[in-house]
1. So, in nm, how far is label Arg5 from label Met161 when the simple model puts each one 7 Å beyond its Cα toward the Cβ?
2. Loop-only chymotrypsin sites (Phe, Trp or Tyr not before Pro) in the stretch 92-191, please: DSSP not H, G, I, E or B, and at most 10 other Cβ atoms within 10 Å.
3. From the phi angles alone, apply the Karplus equation (6.51, -1.76, 1.60; θ = phi - 60°) to the stretch 121-131 and give each ³J(HN,Hα) in whole Hz, x where the residue is Gly or Pro.
4. Kirkwood hydrodynamic radius, the stretch 188-246, all distinct C-alpha pairs: what's the number in Å?
5. Roll a 1.4 Å probe over the protein chains and send me the accessible area per residue for the chain in Å².
6. What does the helix-only formula give at 222 nm for the chain: each DSSP H stretch with n ≥ 4 adding -39500 (n - 2.57), the total divided by the residues, and the result rounded to the nearest 500 deg cm²/dmol?
7. Which percent of the accessible area of the chain is formed by carbon and sulfur heavy atoms (probe 1.4 angstrom)?
8. What's the longest piece of the chain with no exposed trypsin sites (Lys or Arg not before Pro), counting a site as exposed if DSSP puts it in a loop and it has at most 12 other beta carbons within 10 Å?
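The values are calculated or read from the model by the stated rules, or taken from the named source; none is laboratory data. These figures come from a predicted structure and were not determined experimentally. With ideal geometry, Cβ positions are generated from the backbone for all residues, glycine too; neighbour counts draw on all protein chains shown. Each accessible area value is taken on the protein alone, full model and side chains, heavy atoms only, with ligands, DNA and RNA left out. Shrake-Rupley method; radii C 1.70, N 1.55, O 1.52, S 1.80 Å.
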Amino acid sequence: MKYKRPECLTGESMHYCPGCGHGIIHRLIAEVIDESYKDHKIVGVAPVGCAVFIYDYFNFDFVAAAHGRATAAATGVKRCIPDALVFSYQGDGDIAAIGTSEVVHAAARGENFTAIFVNNGVYAMTGGQMAPTTIPGQVTVSSPYGRDPKVQGYHIKLCEMLIPLDGVAFVARTSIHNLKNIEFTKKAIKRAFEVQMNKEGFSIIEVLSNCPTNWGMTPAESMKRIENEVLKYYNLGIFKDKGRGI
C-alpha cells in the first residue's frame, strides 16, 4: 500500500519538537476518520498545552477550550450536535490536573463523546515540570531529585479512577513506543469512536507518549524509556468496554 497523507490532515507543518508522539497520534486519528467517518460531522476540542494548535492540522471543525475545560466544552458541543463525532484531545496537565473535575463529572454523567488523553508525564509546553502523571523517581525541572511519593505524592492513574463510574462505556490505555502498540492505539481509537456513535456513553483512551525534549533524550531513547520505565507504572489494555461485556 502506498503511503499518503490522510485526507483529513491539512498540509500544515506541525510545530512539535522532533520525535514528539503527538504527530503519530494525530495521524492515527486521521486514519480512523478517513476510513470510517469521512461523511460525518466531526468536531474536535483543542486543549491548552503542546497540542494547542491541533486545529491547524485537521480540516474539520475545532473548538479551542480554556485550560482543563476541553471535556466541558466537548459536553456542550455533543449535546448541541448529538449526531456529530466529538472528541477532546488533551495532555496530562490539562486533563489530569486543572481538568480533573471536568473529566470525572463528564464521565459520571455518561456524556457521549471521546476523550483522547496523551500522557507524557510532564507539563511539556511550560518547560517540563512535574505533572500529576509523573512516575516515582522521575526527574523534572520541579522535581530535580526525582519524584518522591513521601513528599510529592503518587502518580495519578486516571483510567483506573474512571472505570467504576456507571456512565463510562469504554476505557483503554495504549502506547506508541513501537509498531505493535501504535496499531493497538489505532484500534482503541476506532473502538472508542464506535462506542460514541452507538450512543453507549463516555469513552476515553489514554496514550502513553514520549517527550524527548523535556526528558533530555533522543527520540529513540525516549521510546525505550516508555518500554523500560513507564510501563512498570501504567498497564496497557482495554479496561472497560460495556458493549462487549468487558
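1. 3.8 nm
2. Tyr145
3. Coupling constants for the stretch 121-131: x, 8, 7, 6, 5, 9, x, x, 6, 4, 10 Hz.
4. It works out to 13.5 Å.
5. Per-residue value: 44 Å².
6. -9000 deg cm²/dmol
7. 56 percent
8. Between exposed loop sites, the widest span is 42-198.
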